[in-house]
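A quick write-up on the structure given underneath.
Every number here is computed from the coordinates shown, using simple stated rules; none is lab data. These numbers come from a predicted model, not from an experiment. Cβ coordinates were reconstructed from backbone atoms using ideal geometry, including for glycine residues, and neighbour counts include every protein chain displayed.
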């Protein structure tokens with residue numbers, strides 16, 4: 001009797017999981033090893049068809065206008081000049 005009951009119980013568990021959406025939780029996302037990037041930061045994009053998924057999102061860390069992690073280049077600089085003196089003035093990037 002126990003051996004006949006086991007397949008029925010397994011089928012019931014599978015049916016409950018499928019009907020409640022729990023089967024979707026079993027999916028494991030996969031991600032690219034290369035960085036995706038835009039002006040706000042860089043991340044590893046999903047390669048499993050879930051384009052909205054991102055892994056390791058981080059803001060850029062610029063050194064000489066280029067991100068030290070993903071090589072994203074800051075497009076342009078907009079300087080605000082202040083502190084005018086007899087020898088010149090200083091500018092601060094506002095971007």
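By counting other Cβ atoms within 10 Å of each Cβ, how are 50, 44, 27 ranked from fewest to most?
Placing the least packed residue first, the sequence is 27, 50, 44.
On a full-extension model of 0.36 nm per residue, what is the gain between residue 62 and residue 39, subtracting their alpha-carbon distance, rounded to one decimal in nm?
Between residue 62 and residue 39, full extension yields an extra 7.1 nm.
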